[in-house]
Amino acid sequence: MSDLKDRILDVVIHQPMLSGFATVTAEGKPWVRYVVAEASADMTFRFTSFATARKVEQIARNAEGHLTCGIPDPSKFHLPYLQIQGRAVFTTDRAAREAFWSERLKVLFSGPDDPRYGVVVLRAYRIEYTRVGQPVEVWTREEDLAAEPTGAWHEAHA
């Protein structure tokens, strides 16, 4: 594993992280909301969503998404943060919901079988690792950079 990838994972792999997730509206405008994202070692990020949330329709129309995370406390601006570009899919697949389920989600959903519960999976293809006052470092997943940024991606990877 590369040193940069290790440092990126150090920012996000240990715990769920409050993040800003941006999608594109039907009018082509950005829309950002808070999510609590979790990362896996393959640079895939996951977070829950209600099946009826507007982000689900936005992802279906345009799979391009952007996640910003990394500074857990405003007094800690010296810590690194990440700008993550990727393609998203919303899934209600039983195995995906059960794999992602944790007790902390009970405040939102009755359990992994709750029909309102789904998981957004964002497969990162570009991540900027940033520390204030230092040059930005960029990790890329080359095979995903050339893929078409449309809703068709989510159907092929669902």
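The values are calculated or read from the model by the stated rules, or taken from the named source; none is laboratory data. Please read these numbers as outputs of a predicted model, since none were measured by experiment. Every residue, glycine as well, gets a Cβ built from its backbone with ideal geometry; the counts of neighbours run over all protein chains shown.
Counting only residues that are surrounded by 15 or more Cβ atoms within 10 Å (Cβ to Cβ) and either of a type in the set (Val, Ile, Thr) or closer than 21 Å to LYS106 by Cβ (or both), region 22-35 holds 3 of them. For region 72-109, a residue qualifies if it is loosely packed, with under 11 Cβ neighbours inside 10 Å, among the small types (Gly, Ala, Ser) and under 27 Å from ALA51 (Cβ atoms), and the qualifying residues are ALA95, SER102.
The lone criterion from (1) touching a Gly at 6+ places or on another chain (Cβ under 6 Å); (2) within 26 Å of VAL138 (Cα to Cα) left unmet by THR92 is number (2). Residues that are crowded, with 20+ Cβ neighbours inside 10 Å and of a type in the set (D, E, K, R) within region 47-63 comprise just one, LYS55. Within region 44-74, the only residue that satisfies the criterion of being within 14 Å of the chain's Cα centre (by Cα) and acidic (Asp, Glu) is GLU64.
Meeting the requirement of 3 or more residues that are modelled with pLDDT under 95, the helices (runs of 4 or more DSSP H) wholly within region 93-158 are 142-145, 151-157. Where strands (runs of 3 or more DSSP E) fall entirely within region 5-78, those with at least 3 residues that are in contact with a Lys or Arg (Cβ under 9 Å, 6 or more places away or on another chain) are at 17-24, 30-39, 44-50.
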